[in-house]
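Everything on this sheet refers to the single structure shown next.
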Amino acid sequence: MSITGARVAIIGSGTIGLSFAALHLKHTASLITIYDTRPDLEDYVHRTLPTYVADHSDLERVRIATSLQDAVETASIVQEAGPENVAFKSSLWPEVEQHCRPDALLWSSTSGIPASAQSMRMKTPSRLLVVHPYNPPHLMPLLEVVPGKQLDEDVIARTLSYWEALGRKPVVVRKECTGFVANRLAFALLREAIHIVDEGVVSVEELDRVVETSMGPRWSVWGPFKSYHAGGGKGGLQAFFDKIGGTVQDCWSDVGQVNRGGGWEEQVFRQCEDAYGEVDVAQRDRITKKILAVIEKEKAQLP
Ligand SMILES: NC(=O)c1ccc[n+]([C@@H]2O[C@H](COP(=O)([O-])OP(=O)(O)OC[C@H]3O[C@@H](n4cnc5c(N)ncnc54)[C@H](O)[C@@H]3O)[C@@H](O)[C@H]2O)c1
């Protein structure tokens, strides 16, 4: 699909919707239409979107829609980033389908409501894809593209080509599963982090320092498989398990099964609050941008 000629309708302009709007504005010449039910929408968008967009002349391509129909009827892409509940999403799509172009791509940003659950009342459920970002999407290259049980390969191919043209790194998740892939991995680590702090092994701040000075930087270069394949030396991942597989198994056997509502909550939440209070996400984004730029430049030079 031509990315310069795209018309993007953003439905829901909170944290994710505005960040996606900024991404489309930066990398395309698209017109962006924003629809949201909040009463102060126009004022809020004019106040907030400039904080995501470096070139303020891009903002001239943004229009506030007066209704859902107005937002989607000329759109080539409809990207939903509204509330995370199945009632909202499953009632939205039949209405979008009724008013949008027959070739429009329909994407949901959901963190966990599968396309199959959202599309149940649609005429053509295979039109809908989950396109799950890693926050904030105007910086993070990953998009998890998750079709429902009924899928249309042409819709998937057009979706991938759009994001690849924007320099993003979409991954097709071929089986609908809770939390998709990135959050499953992140939450597995979070669970063990909570367990370790709850056991009194290290504090919240010390655990963060461990991650920031070890697997954090390493995994932004190579993922866990390539890293441990390298860690095994000659013989790769199999050699790694031959050498320290016993310790790996001991850690897996000892892994923490902490759950929501458990006794850990009060002290871990308090430690976090005491250590960090209100965090500066602008600082996170500034540094993340620099790290991603270095990685992109270095990887582009590889043979
Ligand atoms: N925040 C994250 O880290 C993150 C990451 C990945 C995916 N997501 C997903 O993105 C989606 C949006 O999350 P968010 O964090 O931006 O939420 P948010 O609460 O910041 O924004 C949601 C927006 O939807 C608007 N809204 C409410 N009802 C609406 C309606 N009927 N029609 C149109 N707009 C309506 C709200 O006014 C609000 O501006 C969710 O599905 C969430 O799971 C969030």
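Of note:
- Rounded tilt (10° steps) of 182-198 against the dominant C-alpha axis of the chain: 40 degrees
- Taking all protein chains into account, the per residue accessible area for the chain stands at 57 Å² (1.4 Å probe).
- For the residues Leu292, Leu207, Leu106, a 1.4 Å probe over the protein chains yields an accessible-area ranking, largest first, of Leu292, Leu207, Leu106.
- With θ taken as phi - 60° and the Karplus curve 6.51 cos²θ - 1.76 cosθ + 1.60 applied, the whole-hertz 3J(HN,Hα) list for region 224-234 is x, 5, 5, 4, 6, 4, 5, x, x, x, 4 Hz, x standing for glycine and proline.
- Within the assembled protein chains, the solvent-accessible surface assigned to Lys226 is about 120 Å², based on a 1.4 Å probe.
- Figure note: Asp40, Asp154 ranked by solvent-accessible area, largest first, 1.4 Å probe, ligands and nucleic acids not counted: Asp154, Asp40.
- Region 152-251, relative contact order [Cα under 8 Å, separation at least 6], %: 8 percent
- Between the amide H of Ile64 and those of Ile34, distances stay under 5 Å, these residues lying 5 or more places away or on another chain, with hydrogens modeled in the peptide plane.
- When only the Cβ of Lys, Arg, Asp and Glu is charged (+1, +1, -1, -1), the dipole of region 16-166 relative to its Cα centre reaches about 240 debye.
- Label point at Trp222 placed 7 Å out along Cα→Cβ; residues across region 235-268 whose backbone nitrogen lies under 14 Å: 235-241
- Across region 1-156, the mean sequence separation of Cα contacts (distance under 8 Å, 6 or more residues apart), normalised by length, yields a relative contact order of 22 percent.
- Gyration tensor verdict on region 154-294 (Cα atoms; rounded if a/c is under 1.5, prolate if a/b is larger than b/c, oblate otherwise): oblate
- The residues packed around Gly231, meaning those with a beta-carbon under 15 Å from its beta-carbon, carry a net charge of +3 if Lys and Arg are +1 and Asp and Glu are -1.
- Note on Asp70 and Lys26: with the Förster distance fixed at 25 Å, the Cβ-Cβ geometry gives a FRET efficiency of about 0.55.
- Taking Ala293, Ala75, Ala54 in turn, the Gaussian network model of the chain (Cα-Cα springs below 10 Å) assigns the largest fluctuation to Ala293.
- Helical content alone sets the calculated 222 nm signal of the chain at -15000 deg cm²/dmol, taking -39,500 (n - 2.57) per DSSP H segment of four or more residues and averaging over every residue.
- Surface accessible to a 1.4 Å probe, Trp264 within the full protein complex, Å²: 20 Å²
- Region 1-55, relative contact order [Cα under 8 Å, separation at least 6], %: 42 percent
- Bridges between two residues of the chain, per DSSP, are antiparallel at a rate of about 20%.
- Carbon-plus-sulfur accessible fraction, the chain (probe radius 1.4 Å, protein heavy atoms only): 56%.
- Using the Cβ-Cβ distance between Leu292 and Arg184 with R0 = 22 Å, the FRET efficiency computed as 1/(1 + (r/R0)^6) comes to roughly 0.50.
- Dimensions of the chain based on its C-alpha atoms, expressed as ranges along the principal axes with the largest first, amount to 59, 45, 41 Å.
- Put Phe20, Phe240, Phe88 in order of accessible area, highest first, and with a 1.4 Å probe you get Phe88, Phe240, Phe20.
- Among beta bridges that DSSP assigns inside region 74-215, antiparallel share in %, nearest 5: 30 percent
The values are calculated or read from the model by the stated rules, or taken from the named source; none is laboratory data. Predicted, not measured: the structure shown is a model, and the values here were computed from it. Cβ coordinates were reconstructed from backbone atoms using ideal geometry, including for glycine residues, and neighbour counts include every protein chain displayed. These accessible areas exclude ligands, DNA and RNA; they are computed on the full protein's heavy atoms, side chains included. Shrake-Rupley method; radii C 1.70, N 1.55, O 1.52, S 1.80 Å.
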